[in-house]
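To start, the structure itself, in structure tokens.
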Amino acid sequence: MRQLILLSLVGLAAQLVDGGLGMAYGVTTTTLLLMLGTNPAAASATVHLAEIGTTLASGTAHWRFGNVDWRVVLRVGVPGAVGAFLGATVLSSIDAEVARPITATILLVLGVYLLARFTRTGMRTDRLGQPLRRRFLAPLGLFAGFLDATGGGGWGPVGTPALLASGRMEPRKVVGSISASEFLVALAASLGFLIGLGHQGINPTWVLALLAGGVVAAPIAAFLVRIVPARLLGVAVGGLIVLTNARTLLRSEAIDAGDVTRSLVYAVIVAVWLGAVSYVVAALRVSRAAADASTAGSERSSAR
């Protein structure tokens with residue numbers, strides 16, 4: 001029962017993050033399942049089955065708040081579904097002991113990417129309103145979908161920053177569109193895993209626990225995307241993912257690091273993580289102070 005409650009809380013927390021950033025539900029929950037000793041393919045299958053419900057709830061909530069561009073959803077989501085099905089088929093055919101360090105490595109890289117991406121300054125917005133082309137969206141969806149299925153997460157960490165970096169969509173619409181299109185990815189990946197694995201290693205109770213937490217969090221996250229600093233959330237989640245997957249890799253047979261080595265690596269990761277959080281908090285305070293000063297100056301000018 002405690003394990004199910006933990007999974008529900010993780011599903012809730014992961015969906016709050018995913019709904020606010022457009023990423024990290026799969027990466028976060030797959031990382032937890034790997035720590036519990038789940039087969040990598042079964043872990044990814046469990047997460048994607050839960051995501052069928054959470055992404056549907058998240059996409060609906062974002063649509064109601066006006067955060068979705070349906071043209072982008074189709075142009076990136078359909079290729080993403082193709083990539084996810086292929087990725088699920090590949091992961092299902094790999095031996096579990098071989099797949100575990102591979103999956104942990106993918107998740108570690110995604111965690112580093114999140115940490116670095118959100119520590120840096122915000123994305124460009126100078127091209128807002130310009131159309132996104134299919135020749136950009138289709139390859140992006142195909143790659144992100146394949147990575148999402150093989151790593152248990154990756155749709156958001158690849159798709160969201162890419163769309164933000166283009167500067168052609170409002171951040172809230174990027175998050176909403178990626179969240180809505182992930183339903184197609186989750187559906188295709190789940191189909192691929194069910195064909196490749198059957199029901200082997202998939203615990204329906206775990207799926208329902210993750211789903212329950214995610215569905216509760218989805219509408220809250222769609223609202224919070226307007227007010228919560230995305231940089232701070234991204235840095236916090238990125239550091240957690242790096243730490244947990246570094247632990248998995250260091251304990252794997254391929255590396256089998258000693259206690260001293262593991263302690264040193266953990267200490268370095270935590271130090272970098274805390275430094276990144278402190279830097280972002282300070283940067284947000286400076287930005288807020290500058291915005292307040294600009295507002296006050298405008299009000300004084302108007303008064304004159």
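The values are calculated or read from the model by the stated rules, or taken from the named source; none is laboratory data. These figures come from a predicted structure and were not determined experimentally. Here Cβ is always computed from backbone atoms with ideal geometry, including for glycine, and neighbour counts include all displayed protein chains. Accessible surface is based on the protein model in full, side chains and every heavy atom, while ligands, DNA and RNA are left aside. Shrake-Rupley method; radii C 1.70, N 1.55, O 1.52, S 1.80 Å.
Looking at (1) open to solvent by 10 Å² or more (accessible area, probe 1.4 Å); (2) at pLDDT below 85; (3) not in a helix (DSSP H, G or I), can you tell me which one ASN67 breaks? Among (1) open to solvent by 10 Å² or more (accessible area, probe 1.4 Å); (2) at pLDDT below 85; (3) not in a helix (DSSP H, G or I), the lone unmet condition for ASN67 is (1).
Quick check on LEU191: is it open to solvent by 60 Å² or more (accessible area, probe 1.4 Å) and either in contact with a Phe, Trp or Tyr (Cβ under 7 Å, 6 or more places away or on another chain) or modelled with pLDDT of 70 or more (or both)? Judged against the criteria, LEU191 is a match. Cβ-Cβ distances below 8 Å connect no pair with a first residue in the range 284-299 that is of a type in the set (D, E, K, R) and at pLDDT below 70, a second residue that is surrounded by 10 or more Cβ atoms within 10 Å (Cβ to Cβ) and assigned to a helix (DSSP H, G or I), and a separation of six or more residues or different chains.
Do you know which residues across the range 100-140 are open to solvent by 70 Å² or more (accessible area, probe 1.4 Å) and modelled with pLDDT of 70 or more? Scanning the range 100-140 gives ILE102, VAL109, VAL112, TYR113, ARG120, PRO131, ARG133, ARG134, ARG135, PHE136, PRO139. With respect to LEU56, determine if the residue is open to solvent by 10 Å² or more (accessible area, probe 1.4 Å), closer than 13 Å to ALA186 by Cα and modelled with pLDDT of 80 or more. Against the criterion (open to solvent by 10 Å² or more (accessible area, probe 1.4 Å), closer than 13 Å to ALA186 by Cα and modelled with pLDDT of 80 or more), LEU56 qualifies. So, GLY238, is that one closer than 26 Å to ASN67 by Cα and at pLDDT 70 or above or not? Taking the combined requirement at face value, the residue satisfies it.
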